[in-house]
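Asks: The structure's right below; bear with me while I get my questions together.
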Amino acid sequence: MACTFPLQYQGWDVDAVNTTNFSNHPGYGKIGGRVVDPDEVQQVIEGLGGIVDVTLEYDMVISGYCPRPETVEVVRKLCAELKPLVALVVDPVLGDNGKLYVQETIVPEYERLMVECPVSLTTPNLFEFELLSKCKVSSWSDLKRAMNAFHEKFHIPNVVILSIEIEGQLYAVGALRESQSIKQKLTSDNSNLQESEERDGLAIFYFPIQKLDCNFNGSGDVLTAIVSHCFYKNGCKLTPETLSEALIKLEHILKKSIQIETQKTGKQVSHVKDIQIVALRAVLDMNPTMRPVFWVQ
Amino acid sequence: MKSVLSIQSHVAHGYVGGKAAVFPLQTQGWEVDNVNTVNFSNHTGYGTYKGSAISSADLSSIFHGLDSIQMQYDAVLSGYIPNAELIDEVSRYVKRVKTQKPNTIYLFDPVMGDQGFLYVSESCVARYRQLLNERIIDIITPNQFELELLCGFKINSNDDLRSAVRMLHDEYHIKYVVISSLEGDADHIRCAVSAYNDAHINEFQIPIIKSYFTGVGDLFSALLLDKFYTYVENEDANIHTLTAAVNTALTITQKVLILTHELGVKAFKKAEGYNIDQPVGIINDAATMKYFELKVIQAKDYYSIKDGTFKSYSVHT
Ligand SMILES: Nc1ncnc2c1ncn2[C@@H]1O[C@H](COP(=O)(O)OP(=O)(O)OP(=O)(O)O)[C@@H](O)[C@H]1O
Ligand SMILES: Nc1ncnc2c1ncn2[C@@H]1O[C@H](COP(=O)(O)OP(=O)(O)OP(=O)(O)O)[C@@H](O)[C@H]1O
Ligand SMILES: [Mg+2]
Ligand SMILES: [Mg+2]
């Protein structure tokens, strides 16, 4: 849901198929409403099929929170049929910080979806990435190994991991599969053109991000919306520019959300329950200068 | 930040109900809490659709959820509610919201039908009359058919119009009444505006665009809420502020419709490879209908328009 407004604001006609119908998100500790029955999700998708050709109507299909294994199955059946021109983005929402927030049986459902469907971009967080690649990541060499395993398993050309902590520093990581060798400006090495090292056709880059002393709800959804838009705009190719732009915008939104919350409560805040994407919508119009990028050798 | 609770229908594809109302409000800085009364694939004008209405138990659970996190709103907007049980739930919750915060503005759009055709269950009419008795509504925006259903008589003259409007003010204590569309001449829709503390009814004449639009009423009431809230912030609400807010909402609505028609005709030509004489959306024809969905996203820059360009007239009876 936090995905719809930023996409619309960036010019997308969004056909939103709801997978839950709650009063608020679980971060409040109390909740009303319920999960949308997977059959009902299936019904709505079938209804769409009655008026448009869902396999090629859309420029992009984004899959987010699916609360039940059967919901993932419904999404998989739809996505498996998508025509090659459709960009499929999958945010495999499973959990965070070592904890699943879905049933365990949903993990293999996601694996199947990611194997069988033509996914162009996926945006797991570290916990989700570790679950799906079956590798623990605590160093750059772990990451490289895990990314290779992930790639071998799923063959997804573009991967973004929203945040990874390595030696006390937070990073956002991008990985892209290259069919031929590419020339890159190694900004960490002061702009000499160099042939990038090519191993298994996989290039991995990263940006350090500043860790904010605060927990957020919904930051993943907003980032997915912003990354997906930048990704599509760039011809469905993840580049350092794409990820940098998205990260800078998100960072603005997070920092200002803390400010707004602090002003409202008059206290130091450690948990922002609702990031202020509507109040901060102008950030989406920004045209930020790119951050220096680093490559995993 | 201003906050609004919007209680509307949801469609995955197309722009009616919440899909027509929420985005324009968000672009104007409203934090929108969205509660869906139905969850459909598309609006019923396509002839086929799938999905279902929310159960009253689920709606009640959502409202209790909002209660338990002590939500307060600057405004409440309600639109399509398909049956009487759901109207009860909405009525109960809005009453609680207004008890929490008495100056919450409730804009109630009694969506029931249009041009003699009812698109909610029959039992809604009586239940809506009960809701009117709760004295929680600040602004009401029926079209002519809905006004006739609520008041129980036909509007054939300006005298009838005045009686109906007075009934809403005096019997139901609704301060602000906007009749979103009244039969006019062949080329115009009339829109009437009245405030409880003023004897005048103001009217606008809107040139009809010959096309098939859906969701226009939902867009219009959302825009009206935004403009009304913005205009009354600085002054007391009276017939002039209300008329000015309606004018701006009508002006924006007209621009959205012109854009929708233009883009619809263009897309139709491009996709179908030919130009039909008058490519208006045809009801129950999915193939045509889809080109004339309101261009709510493409019209993003219109929603901030500050002044209306229509002229209002005082109605003589
Ligand atoms: N405390 C923080 N400090 C700095 N950045 C943060 C923080 N929390 C989140 N972010 C930013 O938000 C992005 C997404 O956060 P996260 O990795 O938690 O995603 P997620 O787990 O998918 O989120 P969600 O559970 O909301 O879907 C990160 O890339 C990072 O830029
Ligand atoms: N075909 C049209 N041409 C020009 N303007 C229109 C047209 N249809 C609607 N409008 C504009 O939209 C406004 C609201 O439309 P209308 O009253 O038809 O909505 P409605 O759906 O009947 O209302 P409700 O949602 O309250 O039932 C009208 O006042 C008019 O300004
Ligand atoms: Mg996530
Ligand atoms: Mg209507």
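Asks: Please go through the range B:177-283 and write out the trypsin sites (Lys or Arg not before Pro) that DSSP classes as loop and that have at most 11 other C-beta atoms within 10 Å.
Replies: Of the trypsin sites (Lys or Arg not before Pro), the ones in loops of the range B:177-283 whose Cβ has at most 11 other Cβ atoms within 10 Å are B:LYS210.
Asks: Compute the FRET efficiency between B:LYS311 and B:LYS270 as 1/(1 + (r/R0)^6), taking r as their Cβ-Cβ distance and R0 = 51 Å, and round to the nearest 0.05.
Replies: Efficiency, from the Cβ-Cβ distance: 0.85.
Asks: Right, something else. If you place +1 on the Cβ of every Lys and Arg and -1 on the Cβ of every Asp and Glu, how big does the dipole about the Cα centre of chain B come out, in debye to the nearest 20?
Replies: For chain B, the charge dipole is close to 520 debye.
Asks: Roughly how many percent of the accessible protein surface of the range A:4-295 is carbon and sulfur, given a 1.4 Å probe and a whole-percent answer?
Replies: 48
Asks: Inside 10 Å of the C-beta atoms of A:20-28, what's the mean count of C-beta atoms belonging to other chains?
Replies: Partner Cβ neighbours, averaged per residue: 4.
Asks: Calculate the length of the line joining the C-alpha centroid of the range B:90-133 to that of the range A:49-89, in whole Å.
Replies: 36
Asks: Could you compute the net charge surrounding A:MET114? Neighbours are other residues with a C-beta less than 12 Å from the C-beta of A:MET114; K and R count +1, D and E count -1.
Replies: Local charge sum for A:MET114: -2.
Asks: Run the accessible area of chain B with a 1.4 Å probe and give the carbon-and-sulfur part as a rounded percent.
Replies: Exposed carbon and sulfur together represent 49 percent of the surface.
Asks: Largest first, how would A:ARG281, B:ARG92 line up by accessible area (1.4 Å probe)?
Replies: Of A:ARG281, B:ARG92, the descending order of accessible area is B:ARG92, A:ARG281.
Asks: Applying 1/(1 + (r/R0)^6) with R0 = 25 Å to the Cβ-Cβ distance of B:SER3 and B:LEU259, what FRET efficiency is obtained, to the nearest 0.05?
Replies: Plugging the Cβ-Cβ distance into 1/(1 + (r/R0)^6) gives 0.30.
Asks: While we're here: If pairing requires two Cys Cβ atoms under 4.7 Å apart, which cysteines of chain A are left without a partner?
Replies: A:CYS3, A:CYS66, A:CYS135, A:CYS214, A:CYS230, A:CYS236
Asks: Please list the helices of chain A that count as membrane-span-like by this rule: a mean Kyte-Doolittle hydropathy of at least -1.0 together with Cα atoms stretching 30 Å or more along the helix axis, each helix being a complete DSSP H run.
Replies: Helix filter hits for chain A: A:240-265.
Asks: At 27 angstrom or more along the helix axis (alpha-carbon based) and mean Kyte-Doolittle of -0.5 or higher, what helices does chain B contain? Whole DSSP H runs only.
Replies: Going by DSSP H runs, the hits are B:239-272.
Asks: Given the options A:THR224, A:VAL52, A:PRO84, identify the residue whose Cα lies farthest towards the positive end of the charge dipole of the range A:4-295 (+1 on Cβ of Lys, Arg; -1 on Cβ of Asp, Glu).
Replies: The residue sitting farthest along the positive end of the dipole is A:THR224.
Asks: Dipole size in debye (nearest 20) for the protein assembly as shown around its Cα centre, Lys and Arg Cβ +1, Asp and Glu Cβ -1?
Replies: 940
Asks: Okay, moving on. Once you order the gyration tensor axes a ≥ b ≥ c over the Cα atoms, which shape class does the range B:194-251 get: rounded for a/c under 1.5, otherwise prolate or oblate by comparing a/b with b/c?
Replies: It comes out oblate by the Cα gyration axes.
Asks: At R0 = 25 Å, how high is the FRET efficiency between B:SER55 and B:ARG92 if r is their beta carbon distance? Nearest 0.05 is fine.
Replies: 0.95
Asks: Let me ask something additional. Which longest uninterrupted range of chain A lacks any GluC sites (Glu not before Pro) assigned by DSSP to a loop state (not H, G, I, E or B) and surrounded by at most 15 other Cβ atoms within 10 Å?
Replies: A:199-297
Asks: Moving to a separate point now. Let me know the charge dipole size of chain A about its Cα centre in debye, to the nearest 20, where only the beta-carbon of Lys, Arg (+1) and Asp, Glu (-1) is charged.
Replies: Computed about the Cα centre, the dipole is about 860 debye.
Asks: Before I look further, what does the range A:4-295 give for accessible area per residue, probe 1.4 Å, in whole square angstrom?
Replies: 46
Asks: Taking every residue in A:271-283, how many Cβ atoms of other protein chains lie within 10 Å of its Cβ, on average?
Replies: Partner Cβ neighbours, averaged per residue: 2.
Asks: Which of the listed residues, B:ILE87, B:TYR274, B:ALA75, is farthest toward the dipole's positive end in chain B, when Lys, Arg count +1 and Asp, Glu count -1 at the beta-carbon?
Replies: Comparing the listed Cα positions along the dipole, B:TYR274 ranks first.
Asks: What longest range of chain B stays clear of loop-exposed GluC sites (Glu not before Pro) (DSSP non-H/G/I/E/B, at most 13 other C-beta within 10 angstrom)?
Replies: Answer - B:1-121.
Asks: Computed on protein heavy atoms with a 1.4 Å probe, what is the summed buried accessible area for the chain pair A and B, in Å² to the nearest 100?
Replies: Summing both chains' loss of accessible area gives about 3000 Å².
Asks: Starting from the residue with the highest accessible area, list B:PHE213, A:PHE205, B:PHE153 in decreasing order, probe 1.4 Å.
Replies: Solvent-accessible surface, decreasing: B:PHE153, B:PHE213, A:PHE205.
Asks: Loop-only trypsin sites (Lys or Arg not before Pro) in the range A:121-150, please: DSSP not H, G, I, E or B, and at most 12 other Cβ atoms within 10 Å.
Replies: Answer in residue order: A:LYS134, A:LYS136.
Asks: State the answer as a single residue: which of A:VAL119, A:TYR171, A:VAL160 lies farthest towards the positive end of the charge dipole of chain A, with beta carbon charges of +1 for Lys and Arg and -1 for Asp and Glu, about the Cα centre.
Replies: Of the options given, the answer is A:TYR171.
The values are calculated or read from the model by the stated rules, or taken from the named source; none is laboratory data. Every value quoted in this text rests on a predicted model; they were computed, and no experiment measured them. With ideal geometry, Cβ positions are generated from the backbone for all residues, glycine too; neighbour counts draw on all protein chains shown. All accessible areas refer to the heavy atoms of the entire protein, side chains included, with ligands and DNA or RNA removed. Shrake-Rupley method; radii C 1.70, N 1.55, O 1.52, S 1.80 Å.
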